[in-house]
1. Being within 27 Å of residue 163 (Cβ to Cβ), in contact (Cβ under 8 Å) with a residue 60 or more places away in the chain and more than 16 Å from the ligand (Cβ to nearest atom) is the requirement here; does residue 251 meet it?
2. What single numbered condition from (1) within 13 Å of the ligand (Cβ to nearest atom); (2) farther than 23 Å from residue 53 by Cβ fails to hold for residue 149?
3. Out of all the residues in segment 441-477, which are in a loop (DSSP other than H, G, I, E, B) and either buried (at least 22 other Cβ atoms within 10 Å of the Cβ) or touching a helix residue (DSSP H, G or I) at 6+ places or on another chain (Cβ under 9 Å) (or both)?
4. Give the residue that is nearest to the ligand (Cβ to nearest atom), with candidates limited to residues of segment 269-323 that are out of contact with any strand residue (DSSP E or B) (no Cβ under 9 Å at 6 or more places or on another chain) and closer than 17 Å to residue 370 by Cβ.
5. Contact list please: Cβ distance under 8 Å, first residue in segment 301-321 and farther than 12 Å from residue 277 by Cβ and without any contact (Cβ under 8 Å) to a residue 60 or more places away in the chain, second residue within 16 Å of the ligand (Cβ to nearest atom) and part of a strand (DSSP E or B), pairs at least six apart or on different chains.
6. Failed condition for residue 392, given (1) outside any loop (DSSP other than H, G, I, E, B); (2) in contact (Cβ under 8 Å) with a residue 40 or more places away in the chain, with all others met?
7. In segment 220-248, which residue that is more than 16 Å from the ligand (Cβ to nearest atom) and under 30 Å from residue 24 (Cα atoms) is surrounded by the most Cβ atoms within 10 Å (Cβ to Cβ)?
Ligand SMILES: O=C(O)c1cc(C(=O)O)c2c(n1)C(=O)C(=O)c1cc(C(=O)O)[nH]c1-2
């Protein structure tokens, strides 16, 4: 979309959730830099009036900031040229019965802007286009049905005249799909499922490839036992990216359901892949047809959803400039692929705790090429005997070495800055039956800091995507559940679950600034200018999966799929909130 490209190219704006189509979250602004960031002061704050987890970030287009909230998904337009006065406020009417159908808090990952329209996807899956000037509703379309377990938390991707969007609910047996709507009318253009028959997943058996080979007929169907695929999960709710040159957009798919692997084994009782869950998929935005796909975790046994963002940068790999895609997966491996054809280039652990696999098979002649090399004792399937057995000490935990919190790529250093988790788990699968719209999980979990390490549950790291190596690592007490921002000022910004907003040096991870905001931070740092002055913004509001205990008032340690016990210590540091804090130099 030309308007999106134009707005993204102007660093005075923060024009889309990921900053640019490549999802680098890098800004060329440098007024605030390593030598003066310690002097940052709060310029202004804004209370959203909503508690629970605040994800995503505000957008800034020219003089206007557009701000969203978790359920009920209120949208504010604030006039930056007139003391942040509220220009308009949009409050959708949503049935609160959607709240218990959301797996991991009532979060929303933010708005999109194009051609004078603000696009919001509400928790109840309604996609709404608002007139950016007036907040008037232009069109509205239901992308799913919460009664079937379908909800929404994602931002949308706008490419050309299409609004591309996702669906959540793999913990409710929802079969995931990606849908394109016409930006001007809201009319549905195409829908592609991630699992099922070829004509529904829009895979071309001869032309869609995986690791360089055509996927062949029924590439998904033949990896499922019977009809399980119909309630098989593989939703998508993470970050998007788009390569205009290849004309491909990229996303990852979530876990197969249920979480009890014994219920998903093949007819012969052996593991089967459950394609295309846990996969990165590259599709054409006009037709939805897949160009390539790569599955990170075949036959998932741990809930290592593959939905994390895919960052598109050109990297020097073995002396060759390569159009790369870099992905930090929940399973603890960072993958570098060729984004044009899906060739696998690098796959290495970015979390030293990872123990469920020793590595990824990189031998092109091996029948297991591209597949994880598993460690039997951390299997929760155990040759079919894992049901009702508590497998202990699996690293990472189900929420992965990294969850939805997006990383950033700095053009200054050529490195990736990654908010990570450092958490392990015990996982006990049990038999569960499917009822439409009800949880379909089938596992009891407990979570704890990675043992024999620094005692904390997170690290903020710098990563070399060409070498597949950690450059530096900064320990954090809790998982870093906030998205990173890098700038040409040499600084990288992120927030912590305790509520600190931090600035560190891209070179060595040295902490240059920190400020305790009113609540834990799970949103993404952003930057913009107004009146020639650079500002840095971040929302606080604890929640998400890691903060679900506080957000939903849960205290039983195994509630919140094990996160309540794991992050119980958070309540000593912070409380619910919903505030935007904007910083500037004095
Ligand atoms: O499978 C799904 O459909 C689904 C949806 C969501 C979501 O929409 O927030 C999460 C997850 N899974 C999930 O596995 C997960 O770790 C997670 C973390 C969060 C969060 O916002 O903190 N959401 C979700």
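The values are calculated or read from the model by the stated rules, or taken from the named source; none is laboratory data. Bear in mind the structure is a predicted one, so any value in this text is a computation, not a measurement. All Cβ positions, glycine included, derive from the backbone under ideal geometry; neighbour counts span all protein chains shown.
1. In short, no.
2. Of the numbered conditions (1) within 13 Å of the ligand (Cβ to nearest atom); (2) farther than 23 Å from residue 53 by Cβ, the odd one out for residue 149 is (2).
3. If the condition is that a residue be in a loop (DSSP other than H, G, I, E, B) and either buried (at least 22 other Cβ atoms within 10 Å of the Cβ) or touching a helix residue (DSSP H, G or I) at 6+ places or on another chain (Cβ under 9 Å) (or both), then 441, 442, 450, 457, 465, 477 are the ones that fit.
4. Ranking the qualifying residues of segment 269-323, first place goes to 304.
5. That search, which allows pairs on different chains as well, returns nothing.
6. Result: residue 392 fails condition (2) only.
7. This residue is 242.
Rundown of residues vs (1) at positive phi; (2) under 17 Å from the mean Cα position of the chain (by Cα); (3) within 16 Å of the ligand (Cβ to nearest atom); (4) free of Cβ contacts under 8 Å to residues at least 24 places away in the same chain, yes/no style:
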{"site": "388", "(1), (2), (3), (4)": "yes, no, no, no"}
{"site": "397", "(1), (2), (3), (4)": "no, yes, yes, no"}
{"site": "402", "(1), (2), (3), (4)": "no, yes, yes, no"}
{"site": "423", "(1), (2), (3), (4)": "no, no, yes, no"}
